[in-house]
Structure formats: structure tokens, C-alpha cells
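Below is one structure; the comments refer to it alone.
The values are calculated or read from the model by the stated rules, or taken from the named source; none is laboratory data. From a predicted model like this one, the values you see are computed outputs, not experimental measurements. We place every Cβ from the backbone using ideal geometry, glycine too, and count neighbours over all the protein chains shown. All accessible areas refer to the heavy atoms of the entire protein, side chains included, with ligands and DNA or RNA removed. Shrake-Rupley method; radii C 1.70, N 1.55, O 1.52, S 1.80 Å.
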Amino acid sequence: MTATTEQQIPEEELAAGRRAYELDRKHVFHSWSAQETLTPMTITRAAGSYVWDGDGNRLLDFSSQLVNTNIGHQHPKVVAAIQEQAGKLCTVAPQFVNEARSEAARLIAELAPGELNKIFFTNGGADAVEHAIRMARLHTGKYKVLSAYRSYHGGTALAVNVTGDPRRIPNDYGTAGTVHFHAPFLYRTQFHSSTPEEETQRALEHLETMIQLEGPATIAAVILETIPGTAGIMVPPPGYLRGVRELATKYGIIYIADEVMCGFGRSGKWFAIDHFDVVPDLLTFAKGVNSGYVPLGGVAISPEIAATFGQRAYPGGLTYSGHPLATAAAVATINAMRDEGILENAAQLGADVFAPGLAALQEKHQSVGEVRGTGAFWAIELVKDRQTREPLAPYGASSPEMNELIAACRTRGLLPFANFNRIHVVPPLNISPEDANRGLSILDEVLEIADAKVS
């Protein structure tokens, strides 16, 4: 199976792509990259669950770009909403009321768990995390923030220090007030657990010990991705998040749920925390709120924290907070997801396609150590040895083997999301079952390559 060119791309579009690549290499400074080693892929167009590269090849987007095009590419209702809003009111300063922002806030508050009825809009997930922590610190009068080692919370100064993965390390000067702990991850347990119940109990004991040793009077917040995304899509074991909620309440700590990646249908529910019947004090969102069509993020705020700033000014703001184009896209996205049953499709894909399909890959391929996930949010953990669980790439890096797999996916017409030793299965939530199975078939072929590396 090879990449396809089912839709003929005009030569002028291919030429424009070649020029874009030349200009990119001359002038664009890419994130998280050594600039001189890059050969980035050009994308010239996209539609639904597909993108086209600079050579005119069509690829099935199993990455949703950065796990944000939840409603697929170029959804006509969202594109039309942006166009209509641009014709009416392109931009307005955040101190003024505008219809798109008000309606987006209403819809998000309606969907958020509990009484998180106040919405502060940001430009993306990282600054949503920054502002959530700022709110927690100002509300409590405390400073420290607890977060998990296997986590990602954003690339800005505070967000990257709250992050647990290795991207934090070059940016970490020990001055951000962040303290890291081990969250549950049974496949690579730090607690020598053998069951999910043991992992929950021991992880909560560890967290409470950390709180006690750091001093509850110094801790403003604990922040957790409800289901960690880039770090590996580890669905928390039963009882863990409820236990975190209880510990936060017991010690007077604000519980921040980071739903930037796992929210807005990715897990098969509006928010991943809905699976666990837990209500945080603050909830951060971005990405899927408008499928990434225009940058947007935000914080959903509890009544208690909102009341702190009832008569006291909140010392924070953004020029583009609640930008009309972004919030109009959010309104259209949420309404389209409701009207078209996109959440239901994600949940059904998880139950009927991804869970059994990935389980079959695990049984067939010795290189697959574990598959895990829910909805349209899955990870394939690749190993060199199933017994020792040695990863196919070291933690915090890639490997020649992983690079070979990614290249093989692309030549077969699949655009994967890969991180360290994992391939994530994170397509648009409205992907068809036929395309979802096609993607799994390509992975089945490619994993033969990985099997050859297994001890």
C-alpha cells in the first residue's frame, strides 16, 4: 500500500508548495527542533480526515495535527462561521462585549462539569494553564504547584516548568514553584503494583506524602491532565481522580484539570473528567474547542474562585481574549458536534473499531507492549522486549527504529502521531469506520518492521 494521489493536484499548487518549502527553510524558526536538521513536510490542502503533502500525496491524518482538529479539516459549518464573523466583526478589544464570545462562553459553561460557569478566554492551552495557576495562587495566597512527571502542560515559561516530560529540563531553573510527583501508570508502575486497584492506592499514598512533606500551607494547586496526552494516553485507574479531588479538598489545594488535549469529545465525552464523575476547581481547555481553526483556549472557573475577583481586580489579560473569529469558530464547532453526533461517533469508534482493532495488533505483533485509550484517543506502546518492556526508543528521545516506522507510515499514506516509543491513534472524531480501519491496516503492515527489532 502506498500514498495515493486520488485527487489530482494542479501544478501551480504544487509549485506554490515548493516555494513555501524554500521560504520556510530560509526564514521559519521551528519549535522543539534543531533547525539545520529539519526536512519538514509541506501540507498544501486538507479535507475531512485527509491532508495532501507537497508532492500531491494524500495521507490519512491519524494525528489530527496536534490532536486538535477534532471535527476534521475544513468543516464547512466552521469555515462558514469564520467567514460570516469576518464579514461582521473581525476583531474587538476584550473589554467590549461581542456576540460570538458571549455565546461561546454560554455553551462551554453549559458543557463544563459542576458549576464551572465563568469562562476566561486565552489564545491557547499554555496560557490557559498559566492563568489557571495564577488564579489558584491569588485565590489561596499560596505558591507551589504539584504536577505529574509524565505530563505536558504547554511551552510558555510557567507551563513548561509545570510540564513533567523532558522538554521541561532545559528550561527548568528551579524557580517556578513547581513540584513533580508520580501519577499512576500501571504498565511502567513506580509503585510495584500488580493491579489497577493497587496502583490507585499506592499513587494516592505517594501524592499525600508529597503534600505533607512539601507542606500543605505552601501548595496552591495540583494540576493533572485528566488523561495525559502527549505523555502517553494513560487512562487513570478507577478511583484515582476521585482520590485526588478528596486530597485537594482535605488540604485546601485547588484542583486544576487540564483538558487541553483530552477535552471536547476526544475521549468520547465532552470532557474526559466526565468519565470519572469528578468536578475540579478550574478546568483548562483549547485545541478541540474549535478544532484549532483559529487559536483559542480558556479556563472554566468555579464560583468560589470567581468570587475572589468579584470586588478585586483579576491582574491578568490578553489582547485577543475571546477573539471574535476564534469564538465564532468555537460556537460552530460545538453546535456541529452536537448536530452531527460527533461525540457519539468517537465513543463508538473507541468501542467498535479501536479497542478490538488495537487489541488484535497487540496479540499479533511482538513489538507492541501495550495498547490503551478510550474514544478516539489511543496509544500503542512499542518495545524491543515484551518481558523487560525495554522501549523501542528511550524516554525523551526517538530512535532509528521509530524513525523508520514513521517513514513507512507516510509512504503507505498514513500521517501518524509519534512520541518517544509510541504511536498514538488520534484521528478526527468524525472519521469514518472505513478510514479508521484503513489506518489500522497500515499500522498492521508497519508493525512488521518493528517486530524485526524485538529481542
Checklist entry - On the accessible surface of the chain, probed at 1.4 Å, how many percent belong to carbon and sulfur atoms? => result 53
Checklist entry - Accessible area per residue, 1.4 Å probe, Å², for the chain: what's the number? => result 42
Checklist entry - In whole Å, what is the distance between the alpha-carbon centres of the range 101-171 and the range 209-236? => result 13
Checklist entry - In whole angstrom, how long is each semi-axis of the equivalent ellipsoid of the chain, when you take the square root of 5 times every eigenvalue of its Cα gyration tensor and sort them from largest down? => result 33, 29, 20
Checklist entry - For L405, what is the net charge nearby, where nearby means another residue's Cβ is under 12 Å from its Cβ and Lys, Arg count +1, Asp, Glu -1? => result -1
Item to check | Mean ellipticity per residue at 222 nm, deg cm²/dmol - from DSSP H runs of n ≥ 4 across the chain, formula -39500 (n - 2.57) | outcome: -11500 deg cm²/dmol
Item to check | Set of aspartates and glutamates near K384 by C-alpha distance (under 16 Å), chain-local residues within fewer than 8 positions excluded | outcome: E363, E370, E401, E404, E448, D451
Next on the checklist: Could you give each residue of the range 223-238 its phi-based ³J(HN,Hα) in whole Hz, using Karplus coefficients 6.51, -1.76, 1.60 with θ = phi - 60°, and x for Gly or Pro?
Outcome noted: 10, 9, 5, 4, 10, x, x, 4, 6, x, 6, 9, 5, x, x, x
Item to check | Over the range 126-179, equivalent-ellipsoid semi-axes from the Cα gyration tensor in Å | outcome: 18, 11, 9
Checklist entry - Kirkwood-based Rg over Rh for the range 245-311 (C-alpha set), two decimals? => result 1.02
Checklist entry - Tell me, in nm to one decimal, what length is gained between V79 and L38 on full extension, where the rule is 0.36 nm per residue of separation less the Cα-Cα distance? => result 11.6 nm
Item to check | Listed residue pairs exceeding 30 Å between alpha carbons, taken from K144/K287; K77/K364; K118/K287; K88/K287 | outcome: K77/K364
Next on the checklist: I want to check the label-to-label distance for R25 and R188. Put each point 7 Å from Cα in the C-beta direction and report it in nm to one decimal.
Outcome noted: 3.4
Checklist entry - Under a Cβ-Cβ cut-off of 10 Å, what is the net charge of the residues other than H192 that fall near it, where Lys and Arg count +1 and Asp and Glu count -1? => result -1
Item to check | At R0 = 35 Å, FRET efficiency that the Cβ-Cβ distance of Q212 and D385 yields, to 0.05 | outcome: 0.40
Checklist entry - Taking Rh as the Kirkwood radius computed over C-alpha pairs, what is the Stokes-Einstein D of the range 127-239 at 25 °C in a medium of viscosity 0.890 mPa s, expressed in µm² per second? => result 169
Item to check | Stretch gain in nm, segment I449-Q311, where the contour uses 0.36 nm per residue and the Cα spacing is subtracted | outcome: 43.5 nm
Checklist entry - If you take the Cα atoms of the range 376-446, find Rg, then find the Kirkwood Rh from the mean of 1/r over all pairs, what is Rg/Rh? => result 0.99
Checklist entry - Which value does Rg/Rh take for the range 178-279 over its C-alpha atoms, Rh per Kirkwood? => result 0.95
Item to check | Hz values of 3J(HN,Hα) by residue in the range 333-345 - Karplus curve (6.51, -1.76, 1.60), Gly and Pro given as x | outcome: 5, 4, 5, 5, 4, 5, 5, 9, x, 5, 5, 4, 5
Checklist outcome for this item: Taking the range 325-455, the whole-percent share of alpha-carbon pairs separated by over 23 angstrom is 36
Item to check | Under the Karplus curve 6.51 cos²θ - 1.76 cosθ + 1.60, θ = phi - 60°, whole-Hz ³J(HN,Hα) for the range 153-163, x wherever Gly or Pro sits | outcome: 10, x, x, 7, 4, 6, 4, 6, 6, 6, 3
Checklist entry - Sorted from largest down, what three extents in whole angstroms do the Cα atoms of the range 77-134 have along their principal axes? => result 36, 22, 21
